[in-house]
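The values are calculated or read from the model by the stated rules, or taken from the named source; none is laboratory data. From a predicted model like this one, the values you see are computed outputs, not experimental measurements. With ideal geometry, Cβ positions are generated from the backbone for all residues, glycine too; neighbour counts draw on all protein chains shown. Note: areas computed on protein heavy atoms with side chains; ligands, DNA, RNA excluded. Shrake-Rupley method; radii C 1.70, N 1.55, O 1.52, S 1.80 Å.
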Amino acid sequence: MADGLGFTYIDSGAMYRAAALKAVRLAVAMSDHARLGEVARTACIELTERGRGPVLLDGEDVTEAIRSEEVSDAASVMSTVSEVRSALVAQQRAIGGRESCVMEGRDIGTVVFPDAELKVFLVATIEERARRRFL
């Protein structure tokens, strides 16, 4: 969709995963919500090439590293932490304020951009999601 419109593509999940990778590397306890929030606020997360290129964390390509099981588990926890959500929602809103984008993720239309001009909600079966992830 973003390609067809010529918009930037933002995978909000990749942002949570990048912040989680940083927390894992710093050995931050998943119960330390204040510290997790600080990690998310200070992480320099870049979705390069208008969201179609590598994911950079503090200048390092972490595209593959953010897909590990350990990072997935940490991202699941971090996505429930209000301090982390506040930090990453602010970054997502900043991107959306600078350029037209298609943003994928939970709560984008209700929390991140409740006044978005257009909202599209898509669902896929677990089999289709697995097939896409595999590809």
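The residues of segment 25-42 that are crowded, with 20+ Cβ neighbours inside 10 Å and either under 13 Å from the mean Cα position of the chain (by Cα) or more than 24 Å from residue 104 (Cα to Cα) (or both) amount to a single one, 40. Here residue 115 meets each of (1) part of a loop (DSSP other than H, G, I, E, B); (2) touching a residue at least 12 places away in the same chain (Cβ under 8 Å); (3) not aromatic (Phe, Trp, Tyr) with one exception, condition (2). Restricting attention to segment 86-116, which residues are open to solvent by 100 Å² or more (accessible area, probe 1.4 Å) and at pLDDT 85 or above? Passing the criteria: 93, 98, 110, 115.
Considering segment 43-80, and only residues there that are touching a residue at least 24 places away in the same chain (Cβ under 8 Å), part of a helix (DSSP H, G or I) and at positive phi, the residue that is least open to solvent (accessible area, probe 1.4 Å) turns out to be 51. Take the conditions (1) part of a helix (DSSP H, G or I); (2) touching a helix residue (DSSP H, G or I) at 6+ places or on another chain (Cβ under 7 Å); (3) closer than 20 Å to residue 7 by Cβ; (4) open to solvent by 50 Å² or more (accessible area, probe 1.4 Å); residue 83 misses just one of them, which is (3). Take the conditions (1) touching a residue at least 40 places away in the same chain (Cβ under 8 Å); (2) in contact with an Asp or Glu (Cβ under 6 Å, 6 or more places away or on another chain); (3) open to solvent by 30 Å² or more (accessible area, probe 1.4 Å); residue 8 misses just one of them, which is (3).
All conditions but one from (1) at pLDDT 90 or above; (2) more than 15 Å from the chain's Cα centre (by Cα); (3) surrounded by 10 or more Cβ atoms within 10 Å (Cβ to Cβ) apply to residue 125; the one that does not is (3).
Quick check, is residue 27 farther than 21 Å from residue 1 by Cβ and assigned to a helix (DSSP H, G or I)? Spelling it out, it is not the case that residue 27 is farther than 21 Å from residue 1 by Cβ and assigned to a helix (DSSP H, G or I).
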